[in-house]
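One structure is given below, encoded as structure tokens.
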Amino acid sequence: DMDRVLIPAALGLGDVSPRLRGACLDFLNARIALPLAPPADWARDTRLVCSCSDCTDLARFLADPARPAWEFRAAQARRSHVESTITRSRSDLDTATLRKGSPHILVCTKTQASFEARTRQRQSDLDLRERL
């Protein structure tokens, strides 16, 4: 694993082999070269780990480029299932439960979490490259 083993090893060794250093730099340079741009609209990745009817509705919401939020009014078990699917699928969504009326409402709001993580990774890669 380059991130967890080889790059830390290369940084920890005072006189790293040219081959190890080259492999680490190649890996970092390849990742740095990947395109990095924020989402152009509200459409998000729709690959979910479940395809039940509630999760199909979630996928339709994720695919919608004009819709930043979705309210899912359902019993607690169904809301929990959708939240679990969001977590397991690593969807770019924040969730909150509105405890107003019955059943309560799960509010899903699209985020830029994946883009923000890639931005942090890019900066880390640039810093590591300088240290190698």
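Details
- Test result for A77, closer than 30 Å to I7 by Cα and either modelled with pLDDT of 95 or more or hydrophobic (A, V, I, L, M, F, W, C) (or both): no
- Applying the set (1) over 30 Å from P8 (Cα atoms); (2) at pLDDT 95 or above to L28 leaves exactly one unmet item: (1).
- A77 vs. criteria out of contact with any Leu (no Cβ under 9 Å at 6 or more places or on another chain), among the aliphatic types (A, V, I, L, M) and open to solvent by 60 Å² or more (accessible area, probe 1.4 Å): yes
- Contact annotation: residue pairs with Cβ atoms under 8 Å, 6 or more positions apart or on different chains, pairing a residue in the stretch 1-24 that is within 17 Å of E130 (Cβ to Cβ) with a partner that is open to solvent by 80 Å² or more (accessible area, probe 1.4 Å) and part of a helix (DSSP H, G or I), are A10/R21; L11/R131.
- Selection count, the stretch 90-126, where residues are under 21 Å from R60 (Cα atoms), hydroxyl-bearing (S, T, Y) and part of a helix (DSSP H, G or I): 1
- Verdict on T97 being free of Cβ contacts under 8 Å to residues at least 24 places away in the same chain and open to solvent by less than 70 Å² (accessible area, probe 1.4 Å): yes
- Qualifying residue in the stretch 30-46 (condition: touching a helix residue (DSSP H, G or I) at 6+ places or on another chain (Cβ under 6 Å), touching a residue at least 60 places away in the same chain (Cβ under 8 Å), in a helix (DSSP H, G or I) and of a type outside the set (S, T, N, Q)): yes
- Taking (1) farther than 24 Å from Q123 by Cα; (2) in contact (Cβ under 8 Å) with a residue 12 or more places away in the chain in turn, A77 satisfies each apart from (2).
- The stretch 55-68 - residue that is open to solvent by less than 60 Å² (accessible area, probe 1.4 Å) and among the small types (G, A, S) and, of those, nearest to L98 (Cα to Cα): A59
- Within the span defined as the stretch 28-45, one or more residues are open to solvent by less than 30 Å² (accessible area, probe 1.4 Å) and within 30 Å of L132 (Cα to Cα).
- E71 within 16 Å of T109 (Cβ to Cβ) and surrounded by 14 or more Cβ atoms within 10 Å (Cβ to Cβ): no
- Flag for T87 being open to solvent by 50 Å² or more (accessible area, probe 1.4 Å), outside any loop (DSSP other than H, G, I, E, B), modelled with pLDDT of 95 or more and in contact with a strand residue (DSSP E or B) (Cβ under 6 Å, 6 or more places away or on another chain): no
The values are calculated or read from the model by the stated rules, or taken from the named source; none is laboratory data. Since this is a predicted model, take the numbers as computed values, not measurements. Note: ideal-geometry Cβ built from the backbone for every residue, glycine included; neighbour counts use all protein chains shown. Side chains included, ligands, DNA and RNA excluded: accessible areas come from the protein's heavy atoms. Shrake-Rupley method; radii C 1.70, N 1.55, O 1.52, S 1.80 Å.
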